[in-house]
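Notes follow the structure.
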There are 2 protein chains.
Amino acid sequence: MRRAMLIAVGSELLRFGRVDTNTQWLSARLNAAGIEVAARSMVEDDAGAIAALLRSAREQAPLVLVTGGIGPTDDDRTREGVARALGLELERDRARVSLLRAAFEARGYRFRDVQARQADRPRGAEWIPNPLGTAPGFLLAEDRRLLAVLPGVPAEMRAMFEASVLPRLAPGAPLAYRVLRIGGRTESSVEEQVQDLYGRDGVDVTILSGGDGIELHLRAHPGAGGEPGPRVDRLLAEMERRLGADLYSVDGGSLAGVVGSRLAEHGRTVATAESCTGGMLGAALTAEPGASTWYRGGVVSYSDDLKQDWLDVEPEALARHGAVSPEVACAMAEGIRRRSRSDYGVGITGIAGPGGGTAEKPVGLVHLGLADREATVHRELRLIGDRGLIRRRTVNAALDLLRRRIDGTLAP
Amino acid sequence: MRRAMLIAVGSELLRFGRVDTNTQWLSARLNAAGIEVAARSMVEDDAGAIAALLRSAREQAPLVLVTGGIGPTDDDRTREGVARALGLELERDRARVSLLRAAFEARGYRFRDVQARQADRPRGAEWIPNPLGTAPGFLLAEDRRLLAVLPGVPAEMRAMFEASVLPRLAPGAPLAYRVLRIGGRTESSVEEQVQDLYGRDGVDVTILSGGDGIELHLRAHPGAGGEPGPRVDRLLAEMERRLGADLYSVDGGSLAGVVGSRLAEHGRTVATAESCTGGMLGAALTAEPGASTWYRGGVVSYSDDLKQDWLDVEPEALARHGAVSPEVACAMAEGIRRRSRSDYGVGITGIAGPGGGTAEKPVGLVHLGLADREATVHRELRLIGDRGLIRRRTVNAALDLLRRRIDGTLAP
């Protein structure tokens, strides 16, 4: 049973801002037991919708876990949904009704007729005892397949999963997992370079792209090919060889964190001069604990007169080339380096949009400058996306430029 | 089309701690258009699993929206999953290949053969243009049913939904929906003040708390109680009366956006001097388009010597009171106001952790200063949370202080 589908029942889970923590928790526990989660769904309190999801889940995976919708009230519809999906009748367990009544009365509550619904189960199901509450769960086991239904209350769900479901899954060794991060590349160019390694030694590879760069996720299951850890490590070594300096982290570390570690190692400092990113580069660097040892500070020179006053950018450069130009980006980098007495100075100027673009200088045009003792280098970016994405990608590109400069791997 | 099912594709969405924001956002937008979401699912990059979910979704609801898995790489499997679920062939659109190639080459990228996969669509599908990226989406419309497939990149997904999907949903009587935002308060104090209004006139109220403040979501369905809009508006009026100046937005607008609008209305400008937030306040303000009319700039004076050099903070104040003190916060606010020639100056200094705390000045202690022509005000914060949360809450508190000062509602 190496593959599972998870379903959380409850109309409240479909409201904006609500996160279902039960399927998140179950995913982590199952992964740790070497079981992949193929999908997780949140579904309203509707027997038809529950049944439809359950049928498709059982087609896809031998293990299906459902949480929620098994209380006593009218909107608790999971029992009915399971019975429909499996073509089974619901039947009331008289002995269980007596147990429920006794549990209620022992606590001084009146037992209401609606409570007896919690003694209904699809024909052939086994009860899962609930050590923390009155509502039992139930499971249906057949040859190499298991469907378990647990309450939505997280503490009860977790206790019942640990005590009564996990032991039946015959878990093996855990998955091995690595997150690789790559800077300054497009998703497709990375994929082209490593695609032939996908699946080698039974290691799954997923590639992801976001505003913060490209990630490769490597995962191996315990199984025929030997221990998963060494298999992932072998693939990792080959990817490191191919990706070279573009690969900046093999443990999921952030780019700002890698930059900070490199600066700390070399005993160097950096300062930032930002225009279109408005402080985001400083914010990214100082998100790292201990940044004060290698980050000196920065300015957000949003107005042109402040670029002159605070960074000594020449008024002639602004007039002649415009604020968004290689000349001004480099002057900002040099100005902040000098004014902050840092080893590295980064300058950013660009057009983040939505307004302010022209044919010659469109939205998405960004100039980066990077000054150190030896030289000032410049990079031009032409980014796509909305204001937020252009700003994030700019910060990422500036961090990557700095990383390569520190490492001495910057192409001239 | 009053009922929808949402599917987010991406194996990374099944990892612990990952939240799919696309289906959350779509739920809110659909609700606002009077459409109920029956289920939302996250599914791995596997055509079989995608197809199984899609089939069950289409059984249950006339509207199905899918996000993600339509990029150029090998693990982008949504096209194949849709084709399988609907029993349609995938075909390559030659004209679209040429468009993709042109878009790549215009940006100076090489067009790789794998990119052409983005021109594949199930037979009979219409393209959905992508104004922010190269990957188009597609949709299949039949009599009273719609299946739309959008990219996973949130900004692209949102723009395409608004421009090309929403107008086809022929929305009827919408749900009435309002998002109220409240500053400078705890969740429980807000709840205590308005809890008796929950459910009045059939209006659902949900309260949410995050690093960016407290939100109240008001929802009313069309139905027995009369038009939903006026019912929500009546409840809103009562909440406005009770919450007073703490309520800063009744349309979900961000606090930075509200501050920017107020500054623009009054023709005033602001500048920022940040220490522990490292540029986050500047970044929040400049996230608003058009910020250059009211945001002059700022400094990140992370090192104490830069607080002296850039903001004229007296060395004696630093030595006597320490960098994290009311005196230094106020001197930073006054220094940045004077140096940037702004109407308002904000100063922030604090201990974000995890290190650097003492018994007298623990992690979470933050001082804010706010200077204008008339006076300099000070606020002390004692925040809980990790480094990220403390920094976010600090930015939020600084924005709220500025908002109340501009509005003249600041308690002395």
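Observations
- B:S340 meets all of the listed conditions (1) among the small types (G, A, S); (2) closer than 18 Å to B:D400 by Cβ; (3) at pLDDT 95 or above but one, namely (2).
- Of the residues making up segment A:265-281, just one is of a type in the set (D, E) and more than 9 Å from chain B (Cβ to nearest Cβ), namely A:E265.
- Complete set of residues in segment A:304-332 that are within 13 Å of chain B (Cβ to nearest Cβ), in contact (Cβ under 8 Å) with a residue 40 or more places away in the chain and in a loop (DSSP other than H, G, I, E, B): A:A323, A:V324
- Residue list for segment A:368-412, filter: under 16 Å from A:T272 (Cα atoms), part of a strand (DSSP E or B) and open to solvent by 10 Å² or more (accessible area, probe 1.4 Å): A:T376, A:V377, A:H378, A:R379
- Flag if A:E89 is at pLDDT 90 or above, closer than 23 Å to A:E44 by Cα and either out of contact with any strand residue (DSSP E or B) (no Cβ under 8 Å at 6 or more places or on another chain) or open to solvent by 70 Å² or more (accessible area, probe 1.4 Å) (or both): yes
- Considering the conditions (1) part of a loop (DSSP other than H, G, I, E, B); (2) surrounded by fewer than 19 Cβ atoms within 10 Å (Cβ to Cβ), A:G278 is excluded by exactly one of them, (2).
- Only listed residue being of a type outside the set (S, T, Y) and closer than 16 Å to A:T349 by Cα, chosen from A:R379, A:R373: A:R379
- Here segment A:246-262 is the region considered, the condition is being farther than 9 Å from A:G183 by Cβ and open to solvent by 20 Å² or more (accessible area, probe 1.4 Å), and the residue that is modelled with the lowest pLDDT is A:G252.
- Segments classed as helices (runs of 4 or more DSSP H), wholly inside segment B:35-118, with at least 2 members that are more than 7 Å from chain A (Cβ to nearest Cβ) and within 14 Å of B:V149 (Cβ to Cβ): B:47-60, B:78-86
- Filtered by the rule that a residue be surrounded by 19 or more Cβ atoms within 10 Å (Cβ to Cβ) and charged (D, E, K, R), segment B:263-274 gives a lone residue, B:E274.
- For segment B:292-303, the count of residues that are part of a helix (DSSP H, G or I), free of Cβ contacts under 8 Å to residues at least 24 places away in the same chain and within 10 Å of another protein chain (Cβ to nearest Cβ) is nonzero.
- The lone criterion from (1) surrounded by fewer than 20 Cβ atoms within 10 Å (Cβ to Cβ); (2) under 30 Å from A:E360 (Cβ atoms); (3) in contact (Cβ under 8 Å) with a residue 24 or more places away in the chain; (4) over 28 Å from the mean Cα position of the chain (by Cα) left unmet by B:Q118 is number (1).
- A:T21, sole failed condition from (1) surrounded by 17 or more Cβ atoms within 10 Å (Cβ to Cβ); (2) hydroxyl-bearing (S, T, Y); (3) touching a residue at least 24 places away in the same chain (Cβ under 8 Å): (1)
- When A:A28 is tested against (1) within 10 Å of another protein chain (Cβ to nearest Cβ); (2) within 26 Å of A:R168 (Cα to Cα); (3) open to solvent by less than 20 Å² (accessible area, probe 1.4 Å); (4) of a type in the set (G, A, S), only condition (3) is not met.
- When A:V258 is tested against the conditions (1) hydrophobic (A, V, I, L, M, F, W, C); (2) within 24 Å of the chain's Cα centre (by Cα); (3) within 18 Å of A:L368 (Cα to Cα), the lone failure is (3).
- Selection status of B:V232, surrounded by 17 or more Cβ atoms within 10 Å (Cβ to Cβ), assigned to a helix (DSSP H, G or I), of a type in the set (V, I, T) and under 22 Å from the mean Cα position of the chain (by Cα): no
- Qualifying positions in segment B:375-406 - within 21 Å of B:L285 (Cα to Cα) and among the acidic types (D, E): B:D400
- Sole exception among (1) within 14 Å of A:L368 (Cα to Cα); (2) open to solvent by 50 Å² or more (accessible area, probe 1.4 Å); (3) within 13 Å of chain B (Cβ to nearest Cβ) for A:G356, by number: (1)
The values are calculated or read from the model by the stated rules, or taken from the named source; none is laboratory data. Nothing here was measured: the structure is a model prediction, and the numbers come from that model. In this analysis, Cβ positions are derived from the backbone assuming ideal geometry, glycine residues included, and neighbour counts consider all displayed protein chains. Surface accessibility is based on the protein's heavy atoms, side chains included, excluding ligands, DNA and RNA. Shrake-Rupley method; radii C 1.70, N 1.55, O 1.52, S 1.80 Å.
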